[in-house]
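The values are calculated or read from the model by the stated rules, or taken from the named source; none is laboratory data. Just so it is clear, the structure is predicted and the values come from calculations on it, not from any experiment. Using ideal geometry, Cβ is built from the backbone for each residue, glycine included, and neighbour counts are taken over all protein chains shown. Calculation scope for accessible area: heavy atoms of the full protein, side chains included, ligands and nucleic acids excluded. Shrake-Rupley method; radii C 1.70, N 1.55, O 1.52, S 1.80 Å.
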Amino acid sequence: MIKSNLKILTVGMAAGIALACGTAQAQPKSSYPQFSGIYPHLAYYNNEGECGTGAVVPWADRLWVITYGPHLPFGSSDKLYEITNDLHETIRPESTGGTPANRMIHKESNQLFIGPYAINAQRQVRTIPYTAAPGRYTGLARDLTNPKQQLLIATMEEGFYELDVNSLKTKLLYQDGNVKEKKGEDTSNNHNGLLLPGAHGKGVYSGQGVMVYSNNGESGPQALKQFDIESGVLAEWNGKDWKVVRRNQFVEVTGPGGIYGNANPATDPIWATGWDHKSVLLGVRDGSKWSFFRLPKASHSYDGAHGWNTEWPRIRDIGTTNQPDYLMTMHGMFWRFPQTFTSKNTAGIRPRSAYLKVIGDYTRWQNGLVFGCDDSAQKEFLNKRKTKGNIEGPGQSNSNLWFTSINMPDELGPNTAEGSVWLAEKIDANAVSEPFLFAGWKNRMAWIQNDGSQPVTFSFETDTDGKGSWKPLRSVEAGAGQAVAVTFTAAETGEWIRVKSNRTTTATVSFNYTDASRFRTGTDKIFSGLTNISTSTYSGGLLYGLGNNRRTLGILAGQFSNGKFSENGYYELDSAMHLVKKEDTKTEQFIREKFAIPKEVLTVDEASVLVIDDNGRRWRLPKGSQAFTTKTQDAALRICREVATERDLLNAHGTFYELPAENADGFAKIRPVASHSLSVHDYASYRGLLVMTGLDNQTAANEHIIASTDGKAKVWAGTIDDLWKLGKPTGQGGPWKNSQVKAGTPSDPYLIGFYDKKSLQLSHNAKQAITFTVQAEPIGHGPWMNFKQVTVKPGETFEYVFPDTFQARWVRFVADKDCEATAWLTYN
């Protein structure tokens, strides 16, 4: 039995206060090497198909971390890690692994519960045996009737247990689905639960007399392929009966009390985050009722009806005892979340910046932030596509922690985002949409498509202060079958916006918001030494994270000279970031065969970069310098690779893109990150780092460049979110360049979303005037909407500069007559 006297309680709580109130610093004081906040020696490996970070919690003067494998309800090779203030890491011998992501500090017993472990203030670790309580532990909640003595454990497959915090004995409430039905391969269907709709449990929390539980997936083969089917659930349990609250994909469930539980459980709100195919969802339970709101998505890489692409989004206090500061992660965006958020006080949610890392948990520690990530999965699961060729995954799953300054969530990518309240759905007359976030962006617009047979007036209303008092903003009429682009002015303010129609119709209403404040106009000096695309002689190398517990990065190094790559040896990068030559012909040959850069996975023509995805859909992307064409055709540039779990990094003609998995709609939801002029030969994830090859021969080793002692092998090391510092996305091109165009046939879609200064030129060679229709697709899987019609006379060129407020994902063009035409877009 654990004693709960005042002395022990004081020790544990004092440790927590000390962690919150120290002096500011970006990185812990440590002698270990670090690259952009990644300490390679802290990387964790397992022997499973994935090695994600389940939880990161400061406790008893240590940082505690657990990892997880993909579907291991009875234990695994994953570990519990104990990290000191100077970043010495100890693997606890009590480790039993599994797939845990639960954490809760139980004040009354002065223990941290993390995964299957209970840790007291003296750092003694006890373990809940999986034989007694099997399952993938996804969350902990305070017990509904005896919270001083008991917690509730929730698993991903609807297993629920009462846990005695002193004896660690468990009482079965509902049997975990894995007990009767063993899952097959990691990529097989989710369990079909018996209690609730949906699958793939995520969040749990208690208060107001209920335990709230979420899942974010669906069982069945359709969920492995189609992202927009019905999926997920938010549900609650009153100690006896279950109630389905909402049938959508939900993840985090928490409240102002965070990992301690709500201080006033009868009255404090419970928050839940989720999403559907239209937007991010935010729910709040107070007064025994749920209210829901919508927010835009910065990234769609988290979509997927199976729920596997999210890991564990969180809302967590990263502030101090005196100054709480709640940080929310959701769909690739850091959000500022108000501690005071209730259904009657909804003001204060704000976008901070966009990120690329896949984050499982985070905390404030030593007055910086620590993010536990999911970096490099050996299986890569369903994320296969022909653009990557037949490239292998890493030899062994691994991930790491990412240490940043307190301010980092405000300093990464632009928070440009979009979401819909209605998407090609039937709308009843005068029925109001759910509220959609309106505050936080300078440039805002809405796209309306009326697919009904009559004209419809759409009326916008705003809640100006988050108190629930709605006021008319403006009304817009859309004719039958017509689209309208609505630009909001700076004077049109409000926390939330909603819309209604005066007639029953079928409609789409999407909100597209633009952030230009974080665009970088130049390349950061941290990339100095990476070679320019115009350089003909430079250092290269193919990369492979080795398996079989070798835990190093293999590099088949060589030299480029006038377009040809000549190997000059095999090297390995170890945990101390020493690049050492090795004699290993077997591994050398494996890299040569399995990591060769594929040819002809995309096409560069006179107009633009053409991609035909695995479903046969055609997409066009802007071009950079002409020098990229030759090196792309020569397979001298890696085009596509997974460097964060279950999404890809595309490098196409001088721009890096975040590319969702095909099961999250793939290229339709691509997001440009940064443009560059670099000859990046290869790139890979290793120990949480982004490692790149393609360096100048003259470059000496520095804080981001590691060179072998013989000087024949070099790599650049940083983090994937350093890419925002390369420079804002730019490019030029279009779907047509002197192309034969058929009347009434739309061009290929051409990417226009997320760019800054956008301009258009339209011309043709016909002897009569041609009318072009410019169509926009603001969502990625929504309807095409007519934006503008332009009549161009023979010999003329129509020029147009898009307004700063214009934001859509794709653009295409339709001509009213056969002709040879050019549609050319420039993004500066």
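Results, tabulated for the structure shown:
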{"item": "Residue within the stretch 589-597 that is part of a strand (DSSP E or B) and under 23 Å from G666 (Cα atoms) present", "result": "no"}
{"item": "Filter result (assigned to a strand (DSSP E or B) and not hydrophobic (A, V, I, L, M, F, W, C)) within the stretch 637-674", "result": "R641, E642, R647, D648, N651, T655, Y657, E658, P660, R671, P672"}
{"item": "In the stretch 493-547, the residues that are aliphatic (A, V, I, L, M) and outside any strand (DSSP E or B)", "result": "A516, I526, I533, L546"}
{"item": "Residue ID - surrounded by the most Cβ atoms within 10 Å (Cβ to Cβ), chosen from residues in the stretch 185-199 that are closer than 19 Å to H71 by Cα and hydrophobic (A, V, I, L, M, F, W, C)", "result": "A199"}
{"item": "Which listed residue, of R103, R62, is among the basic types (K, R) and more than 17 Å from C373 (Cα to Cα)", "result": "R62"}
{"item": "Selection status of A101, of a type in the set (G, A, S), within 24 Å of E311 (Cβ to Cβ) and part of a loop (DSSP other than H, G, I, E, B)", "result": "yes"}
{"item": "Count - residues of the stretch 321-332 that are assigned to a loop (DSSP other than H, G, I, E, B) and within 15 Å of Y260 (Cβ to Cβ)", "result": "2"}
{"item": "Strands (runs of 3 or more DSSP E) within the stretch 337-446 that include 1 or more residues open to solvent by less than 10 Å² (accessible area, probe 1.4 Å) and aromatic (F, W, Y)", "result": "359-365, 368-373, 401-404"}
{"item": "Output for the stretch 568-613, where each listed residue is within 27 Å of F35 (Cα to Cα), open to solvent by less than 40 Å² (accessible area, probe 1.4 Å) and in contact with a Ser or Thr (Cβ under 8 Å, 6 or more places away or on another chain)", "result": "Y570, Y571, E572, L573, L579"}
{"item": "Residue match in the stretch 459-475 (condition: within 15 Å of M445 (Cβ to Cβ), of a type in the set (A, V, I, L, M) and in contact with a strand residue (DSSP E or B) (Cβ under 7 Å, 6 or more places away or on another chain))", "result": "yes"}
{"item": "Residue within the stretch 707-730 that is within 30 Å of V509 (Cα to Cα), surrounded by fewer than 23 Cβ atoms within 10 Å (Cβ to Cβ) and not polar (S, T, N, Q) present", "result": "no"}
{"item": "Number of positions in the stretch 550-567 that are open to solvent by 40 Å² or more (accessible area, probe 1.4 Å) and either touching a strand residue (DSSP E or B) at 6+ places or on another chain (Cβ under 7 Å) or not in a loop (DSSP other than H, G, I, E, B) (or both)", "result": "7"}
{"item": "Scope the stretch 167-219; condition among the small types (G, A, S), at pLDDT below 95 and more than 23 Å from the chain's Cα centre (by Cα); matching residues", "result": "G184, G193"}
{"item": "Answer residue from the stretch 450-485, given it is among the charged types (D, E, K, R) and touching a residue at least 40 places away in the same chain (Cβ under 8 Å) and is nearest to S291 (Cα to Cα) among those", "result": "K467"}
{"item": "Residue tally, condition within 15 Å of K171 (Cβ to Cβ) and either in contact (Cβ under 8 Å) with a residue 40 or more places away in the chain or assigned to a loop (DSSP other than H, G, I, E, B) (or both), over the stretch 148-159", "result": "7"}
{"item": "Complete set of residues in the stretch 109-158 that are farther than 26 Å from K180 by Cα and of a type in the set (S, T, N, Q)", "result": "S109, N110, Q111, N120, Q122, Q124, T145, N146, Q149, Q150"}
{"item": "Some residue of the stretch 709-722 being more than 22 Å from the chain's Cα centre (by Cα) and among the polar types (S, T, N, Q)", "result": "yes"}
{"item": "Selection count where residues are over 18 Å from T645 (Cα atoms), open to solvent by 10 Å² or more (accessible area, probe 1.4 Å) and assigned to a loop (DSSP other than H, G, I, E, B), scope the stretch 51-71", "result": "1"}
{"item": "Residue list for the stretch 33-87, restricted to those being among the aromatic types (F, W, Y) and under 30 Å from A701 (Cβ atoms)", "result": "F35, Y39, Y44, Y45, Y81"}
{"item": "Tally, over the stretch 148-184, of residues that are open to solvent by less than 20 Å² (accessible area, probe 1.4 Å), closer than 9 Å to G135 by Cα and of a type in the set (V, I, T)", "result": "1"}
{"item": "Qualifying residue in the stretch 618-628 (condition: touching a residue at least 40 places away in the same chain (Cβ under 8 Å), surrounded by 15 or more Cβ atoms within 10 Å (Cβ to Cβ) and closer than 18 Å to Y683 by Cα)", "result": "yes"}
{"item": "Those residues of the stretch 629-649 which are open to solvent by 30 Å² or more (accessible area, probe 1.4 Å) and either polar (S, T, N, Q) or at pLDDT below 95 (or both), in sequence order", "result": "T630, Q633"}
{"item": "Scan of the stretch 72-105 for residues that are of a type in the set (A, V, I, L, M, F, W, C) and open to solvent by less than 30 Å² (accessible area, probe 1.4 Å), ordered by number", "result": "L80, I83, L87, A101, M104, I105"}
{"item": "Residue list for the stretch 270-286, filter: more than 12 Å from V210 (Cα to Cα) and not aliphatic (A, V, I, L, M)", "result": "W271, T273, G274, W275, D276, H277, K278, S279, G283"}
{"item": "Residue that is without any contact (Cβ under 8 Å) to a residue 24 or more places away in the chain and either charged (D, E, K, R) or open to solvent by less than 10 Å² (accessible area, probe 1.4 Å) (or both), where the choices are K817, K788", "result": "K788"}
{"item": "Strands (runs of 3 or more DSSP E) wholly inside the stretch 675-772 that include at least 3 residues being in contact with a helix residue (DSSP H, G or I) (Cβ under 7 Å, 6 or more places away or on another chain), at pLDDT 95 or above and under 30 Å from D816 (Cα atoms)", "result": "none"}
{"item": "Tally, over the stretch 494-538, of residues that are of a type in the set (G, A, S), closer than 27 Å to D465 by Cβ and open to solvent by less than 50 Å² (accessible area, probe 1.4 Å)", "result": "4"}
{"item": "Listing of strands (runs of 3 or more DSSP E) fully contained in the stretch 200-302 that carry 3 or more residues being open to solvent by 10 Å² or more (accessible area, probe 1.4 Å)", "result": "242-246, 289-295"}
{"item": "Any hit, the stretch 378-392, residues being among the charged types (D, E, K, R), on the phi > 0 side of the Ramachandran plot and under 25 Å from the mean Cα position of the chain (by Cα)", "result": "yes"}
